[in-house]
Structures are given as C-alpha cells and as structure tokens.
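All remarks here apply to the structure that follows.
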Amino acid sequence: MAIVWSVIGILICGGLGGFAAWALVTSIGWAGTLGAIVAALIGMVIAVALWAGLTALLRAAGLIR
C-alpha cells in the first residue's frame, strides 16, 4: 500500500510543479522550445521541493515512517 501512496504523492507533486512552472513561464511570456525547457526545469525543481517538504511534514506528524 505504501507504493500506492508514493505514486499518488508523486503525481500530486509533479502536477503541482508542472502547473506552477507553466503559469510562471506563461506569465513571463516565453513560448516555444525555450519556454518548454525552462518550464520543465522549473517544474522538476518545484516538484522535488514539494515532495521533500511534504514527506518531512508527514514524518514529523508521525503519519509515515
């Protein structure tokens, strides 16, 4: 069951990171290949930060080991 929760967490963090990166790149006005590359990089950084932060929060709350 832990794998299922991990997959759900990865999908949530990836989706939020991707949406935030898309919104940021769109607000800057970048498009095309450069915009896609920048959005991918920013999205990955945000997704990893969310994953690490949420994991630390859940561990501190004692909900996961």
I need every pair where a residue in segment 46-61 that is among the aromatic types (Phe, Trp, Tyr) and at pLDDT 95 or above has its Cβ under 8 Å from the Cβ of a residue that is surrounded by fewer than 11 Cβ atoms within 10 Å (Cβ to Cβ) and assigned to a helix (DSSP H, G or I), sequence separation at least 6 or different chains.
none
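What about Ile12, is it surrounded by 13 or more Cβ atoms within 10 Å (Cβ to Cβ), part of a helix (DSSP H, G or I) and not aromatic (Phe, Trp, Tyr)? Spell out the reasoning first.
Values: surrounded by 13 or more Cβ atoms within 10 Å (Cβ to Cβ): yes; part of a helix (DSSP H, G or I): yes; not aromatic (Phe, Trp, Tyr): yes.
When the stated conditions are applied, Ile12 passes them.
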Taking the condition at pLDDT below 95 and either at negative phi or part of a helix (DSSP H, G or I) (or both), does Gly18 pass?
no
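The values are calculated or read from the model by the stated rules, or taken from the named source; none is laboratory data. Note that the structure is predicted; figures quoted are calculated from it, not measured. No Cβ is skipped: glycine too gets one built from the backbone with ideal geometry, and neighbour counts run over all protein chains shown.
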